[in-house]
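Novice: Have a look at this one.
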Amino acid sequence: MFLFVGLGNPTENYTNTRHNIGFKVIDALRTRFKASHISKPQFFGDLYKIQNTLFLKPLTYMNISGKSVGAVVNFYKPEEIVVVHDDIVIPFGSVRMKRGGSDGGHNGLKSIDAYIGADYIRVRLGVGAPKAGQNTADFVLSNFSKEESGYIAEFVDYAVLICEELLVKSLDEVSGQYTRKKGICIGNG
């Protein structure tokens, strides 16, 4: 069984923020697969299923995402976990994948690591970096710019394709074929 987790924050206030790119990917996956809603209060999130695949949006807020992930993992015991999340270290529009590693200062990953350990696949979606002196939390909780927003649908579709490929190919194969190092150039950057 596969568990795909998209990180984000609940409520409409956060819908189009950089931190919610993982939620957008899970919404696209559950729609594409026509997954059934199977949430229960003890999962602390929106959970969807089709055959041997689960899609989870933790509704605990980013900093305690592990509570939801841990509950679903303890109940379903998936063989593979894939976490889709925003990353400010890599350029906007870029995609990197890896298994395990540090949380890189990402509070959602830090929380997941505390509940289930760090041995899961990370699909890292570059959302750009804060400007010099800009507060990181303010940046990730800000909406994408108008120009960036024009690329979000394609970016989400690309992440969905990666997740679909991970269902049938190894991480090394998918990473070798779909890693995007350069990202999307916006404005003068």
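The values are calculated or read from the model by the stated rules, or taken from the named source; none is laboratory data. Since this is a predicted model, take the numbers as computed values, not measurements. Don't worry about glycine lacking a Cβ; one is built from the backbone with ideal geometry, like all the others, and counts go over all protein chains shown.
Novice: Note down all Cβ pairs under 8 Å where the first residue falls in the stretch 51-71 and is under 15 Å from MET1 (Cα atoms), the second is small (Gly, Ala, Ser) and in a loop (DSSP other than H, G, I, E, B), and they're at least six residues apart or on different chains.
Specialist: THR53/ALA35; PHE55/ALA35
Novice: Search the stretch 73-100 for residues being charged (D, E, K, R) and out of contact with any strand residue (DSSP E or B) (no Cβ under 7 Å at 6 or more places or on another chain), and hand back the single one that is farthest from GLN177 (Cα to Cα).
Specialist: LYS77
Novice: Also, I was wondering about something else. Need at least 1 residues that are of a type in the set (D, E, K, R) and in contact with a strand residue (DSSP E or B) (Cβ under 8 Å, 6 or more places away or on another chain) per element, so show me which helices (runs of 4 or more DSSP H) inside the stretch 103-189 make the cut, counting only ones lying wholly within it.
Specialist: Numbers: elements: 107-116, 136-140, 146-166, 171-178.
Hits in the stretch 103-189: none.
Novice: Moving on. Among PHE44, PHE2, which is at pLDDT 95 or above, aromatic (Phe, Trp, Tyr) and more than 16 Å from the chain's Cα centre (by Cα)? Lay out the reasoning, then the answer.
Specialist: Details: PHE2 fails: more than 16 Å from the chain's Cα centre (by Cα).
Answer to the selection: PHE44.
Novice: Something else about it: Considering only the stretch 5-19, state which residues are within 15 Å of VAL140 (Cβ to Cβ) and either of a type in the set (Val, Ile, Thr) or under 8 Å from the mean Cα position of the chain (by Cα) (or both).
Specialist: The answer is GLY6, LEU7, GLY8, THR15, THR17.
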